[in-house]
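What follows is a single structure, written as structure tokens, with notes after it.
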Ligand SMILES: Nc1ncnc2c1ncn2[C@@H]1O[C@H](COP(=O)(O)OP(=O)(O)OP(=O)(O)O)[C@@H](O)[C@H]1O
Ligand SMILES: [Mg+2]
């Protein structure tokens, strides 16, 4: 999926958080977003997901203004762990099968197998470890057959092995032509497959640069 | 012994059959809707809407004494206010950033105040009537009431059948629901209208003060023991029905108001489950 951002500006009632951000990504490109706490990474993602309202002409997905997209399709989203409703009992099976609006088919089964979810399929998610939960979320995001995958801090609280697996998964997805936007504090994670960095600074200032390129182009 | 006498009366009197049937349906609907309310962390909305809906009923009583128009029928006005209440809550939430839940007590107080005002304005209301508004009067369910309840139950079931997956997804992760192509606004509207409908329907049967308990407490018990969404919903329905039927029998036998007895049984179930949980976890930690 092509992503185009044109002079994206966003302010909460008084506070300007994102100011005149522009960049674009082609299908299969990988963007990593860095930035100190409170610089607007999550805000940017919320704009993409239409949780926050932006003006017409600021964000395009495949050349379609997001304000004109009624319901999304082909977007996968892996939430920050804190954004998820725990405590109420629900099993992995229930989360995934309900997220899959169609009848369960071969694609569904493949995802379950790919992420090795059979063993924990009927577990209550409250009993899962951070890494297991992460696998469930990524599997869920892929059920959508996304062309754009957005991940918010997916490595927080996940052990080294699972981070490695996640890295492999993202690498494969990128090769399949899926556009990926990753928010992460971890500077090293996905260093090798990132095409672009978006670094948010305070006061709405930002840098957008090609990987391995030290020239600022903002 | 007294079970036998209750059964004998049950066959002898239509009104008892209506009451029991109505009760069983209420016992099914309440925790079903309650589950959604609890997961979405808006438990207080049930109380708020019921009190606001009460204002509608009271205004309806007042107006229908002045002008004999069908639209001032108290039950209908109750439904209108219940739905209106959800929109008022939504509007008020927009005024606060961190204190969004303030919208609930505001709407609730408004409902209580309006109810009090219009009850006192419409003089010579039977105190039996106001009492039944507050605590319900399941034994006075008429055959038309029963038909209304059946229709609404069917509507709710059809709605849930067609949107089950979407509801579950929405409840657990609204953002994901949005990106996965669910029309979240429309679904929320549907759920809200159903909630409002069910609440105003319940006023007559269980009373304003007890509606929320009937929706929330069985779910509160079920969450503690459930290990999947489905079995949590099912056990909340079981708790709800057990309390309804036993409350019905006991209150009929002891000749006391049904609603409060049902809620007390619900609370006893909750306490027992909490105790069992406590004992189990202390045994488990001792074993270690
Ligand atoms: N709902 C809101 N209303 C007003 N201001 C907000 C709101 N949410 C966030 N902010 C402010 O906007 C700024 C950016 O917040 P955001 O959550 O996007 O930062 P972030 O880069 O994701 O931070 P972190 O690294 O801590 O996750 C912060 O200064 C925050 O105080
Ligand atoms: Mg953040």
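A few comments on the model shown:
- Flag not set for residue A:211, criterion: away from ligand 2 (no atom under 16 Å from the Cβ), away from every other protein chain (no Cβ under 14 Å) and either at pLDDT 95 or above or more than 20 Å from the chain's Cα centre (by Cα) (or both).
- The listed residues are B:246, B:221, B:228, and the only one of them that is touching a helix residue (DSSP H, G or I) at 6+ places or on another chain (Cβ under 9 Å) and in contact (Cβ under 8 Å) with a residue 24 or more places away in the chain turns out to be B:221.
- Restricting attention to region A:194-210 and to residues that are part of a loop (DSSP other than H, G, I, E, B) and surrounded by fewer than 19 Cβ atoms within 10 Å (Cβ to Cβ), the residue that is farthest from ligand 1 (Cβ to nearest atom) turns out to be A:195.
- Scanning region A:72-95 for residues that are within 25 Å of residue A:23 (Cβ to Cβ) and at the interface with chain B (Cβ under 7 Å from one of its Cβ atoms) yields a total of 6.
- Residues being more than 8 Å from chain B (Cβ to nearest Cβ) and more than 16 Å from residue A:25 (Cβ to Cβ) - total across region A:51-64: 6
- Meets criteria (within 16 Å of ligand 1 (Cβ to nearest atom), buried (at least 17 other Cβ atoms within 10 Å of the Cβ) and either part of a helix (DSSP H, G or I) or within 14 Å of chain B (Cβ to nearest Cβ) (or both)) for residue A:98: no
- Region A:37-54, residues that are touching a strand residue (DSSP E or B) at 6+ places or on another chain (Cβ under 8 Å) and either away from ligand 2 (no atom under 16 Å from the Cβ) or on the phi < 0 side of the Ramachandran plot (or both): A:39, A:41, A:42, A:43, A:44, A:45, A:47, A:48, A:49, A:52, A:54
- Selection from region A:139-173 of residues that are over 22 Å from residue A:27 (Cα atoms) and in a helix (DSSP H, G or I): A:160, A:161, A:162, A:163, A:164, A:165
- Residues satisfying the stated conditions in region B:225-237, i.e. out of contact with any strand residue (DSSP E or B) (no Cβ under 6 Å at 6 or more places or on another chain) and either on the phi > 0 side of the Ramachandran plot or facing another protein chain (nearest Cβ under 9 Å) (or both): B:225, B:226, B:229, B:230, B:231, B:232
- Note on region B:147-187: residues that are within 14 Å of another protein chain (Cβ to nearest Cβ) and either in contact with a helix residue (DSSP H, G or I) (Cβ under 9 Å, 6 or more places away or on another chain) or touching a residue at least 24 places away in the same chain (Cβ under 8 Å) (or both) amount to 23.
- Count of region A:9-44 residues which are assigned to a strand (DSSP E or B) and within 13 Å of ligand 1 (Cβ to nearest atom): 10
The values are calculated or read from the model by the stated rules, or taken from the named source; none is laboratory data. Please read all numbers here as calculations on a predicted model, not as lab measurements. Cβ coordinates were reconstructed from backbone atoms using ideal geometry, including for glycine residues, and neighbour counts include every protein chain displayed.
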